[in-house]
Amino acid sequence: MKILAIESSCDETAAAVVENGRTILSNCVASQVPQHQVYGGVVPEIASRLHLETVYELTDRALLEAGLTRDAIDAIAVTYAPGLIGALLVGVNFAKGAALASNKPLIPVHHLRGHIAANYLASPELEPPFVCLVASGGNTVIVEVADYTEFRILGATRDDAAGESFDKVARKMGMPYPGGASIERSSVGGDPYKYVLPDAKVSGSPMDMSFSGLKTAAINLLHHAEQSGEEIDIPSFCASFSRAVSDILVPRTVEALRQTGCRKLAVAGGVAANAYIRAEFEKQTQALGAKLYLPPRSLCGDNAAMIGAQAYYEYLAGRIADQSLNAFATMPISELRF
Ligand code: KG4
């Protein structure tokens, strides 16, 4: 089954064709990063307008690169939640039009389910059940993937997402958006133990997380240094910040493995591209004798191939939408609403 998938939840317009949930036939991404960089972050209205300008041509390119005509596609999939509402509406409306014009089924896909499914593309042998950490710019959640369309939330951030803390701290240092990649680049040769940053625990919820205190502490440290004329060792500060985020994410995810008794761990989302965090997960899963699944960096960030992969399993579970499909800015991964 060949699915044409559209993704427009944030600042990447993406279109892809995926076969049977596992094989990428094409994967086109038009990043808006340069247009948002001027503002130090994503401007929602600009994001919506750029999606509108790009989505049609990008979809044609995805079909062309897959070597397929519109008739050869079996279904249209689209990210419908969560994300920037204006941005989501562009993709949803486009997909509805495409499904109507071609008389093909329309499959709504939850963005975070898509991030998890990036692992199905990277590791054809991976099957549920497994535990997955999804850490992106807008969400950070540890889930038990009981089945392809069955999810149980084990832990989540109570405030900011891990990626957002990277973005805000990078902005304070004058580094370009997206901050995670900038901080990682600047951490080369730094000492990850030089700066001590906090790890807030959520009392009684060992798998829940908090990043806002870490973000504020890091920004305050930079601010105080600026005011007192103290010179910050940037590579070490960046390495220490990556370590601090890793120290929040990794032990809680390991705890999820322990509590569920699961021996398979997948990691997904933009923050999963971070080399320090990837290495820590490798160390910890090796020590536990668990198997680690990490998508290549190219599939960690937003893309439509991951949406096409999850769409296949949503389709098998009978999740087909009609022309009343709407978009939702927020929605838990475990919810079935469209
Ligand atoms: O998954 P993604 O592309 O978009 C969302 O669905 O949010 O994630 C974007 C986030 C940004 O916050 C960005 O700073 C972070 O992923 N990110 C990284 C790295 N590359 C991107 N964080 C840490 N290290 C990286 N190398």
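The values are calculated or read from the model by the stated rules, or taken from the named source; none is laboratory data. None of the values given here were measured: they were computed from a predicted structure. Don't worry about glycine lacking a Cβ; one is built from the backbone with ideal geometry, like all the others, and counts go over all protein chains shown.
Among TYR177, TYR195, which is the only one that is part of a loop (DSSP other than H, G, I, E, B), within 16 Å of the chain's Cα centre (by Cα) and assigned by TED's automatic domain parsing to the domain that holds SER236?
TYR177
Which of the residues that make up the stretch 131-155 are within 16 Å of the ligand (Cβ to nearest atom) and not in a strand (DSSP E or B)?
SER136, GLY137, GLY138, ASN139
Could you pull out the residue among ARG171, ARG158 that is surrounded by fewer than 22 Cβ atoms within 10 Å (Cβ to Cβ), within 30 Å of ASN220 (Cα to Cα) and more than 15 Å from the ligand (Cβ to nearest atom)?
ARG158
Taking into account only those residues within the stretch 289-338 that are assigned to a loop (DSSP other than H, G, I, E, B) and polar (S, T, N, Q), which is surrounded by the most Cβ atoms within 10 Å (Cβ to Cβ)?
The extreme case among them is ASN303.
Can you pull out every residue in the stretch 182-231 that is out of contact with any strand residue (DSSP E or B) (no Cβ under 7 Å at 6 or more places or on another chain), buried (at least 20 other Cβ atoms within 10 Å of the Cβ) and among the hydrophobic types (A, V, I, L, M, F, W, C)?
Of everything in the stretch 182-231, those that are out of contact with any strand residue (DSSP E or B) (no Cβ under 7 Å at 6 or more places or on another chain), buried (at least 20 other Cβ atoms within 10 Å of the Cβ) and among the hydrophobic types (A, V, I, L, M, F, W, C) turn out to be ILE183, LEU214, ALA218, LEU221.
Residue-wise test of (1) more than 14 Å from the ligand (Cβ to nearest atom); (2) among the charged types (D, E, K, R).
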| position | (1), (2) |
| --- | --- |
| VAL42 | no, no |
| LEU50 | yes, no |
| ARG61 | yes, yes |
| ALA66 | yes, no |
| ALA75 | yes, no |
| GLY91 | no, no |
| ASN103 | yes, no |
| PRO129 | yes, no |
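Need pairs with beta-carbon distance below 7 Å; first residue closer than 14 Å to LEU249 by Cα and among the charged types (D, E, K, R) and within the stretch 199-217, second modelled with pLDDT of 95 or more and not in a loop (DSSP other than H, G, I, E, B); sequence gap 6+ or separate chains.
Filtered contacts from the stretch 199-217: ASP199/ALA244; ASP199/ASP247; ASP199/ILE248; ASP208/GLY155; ASP208/ALA156.
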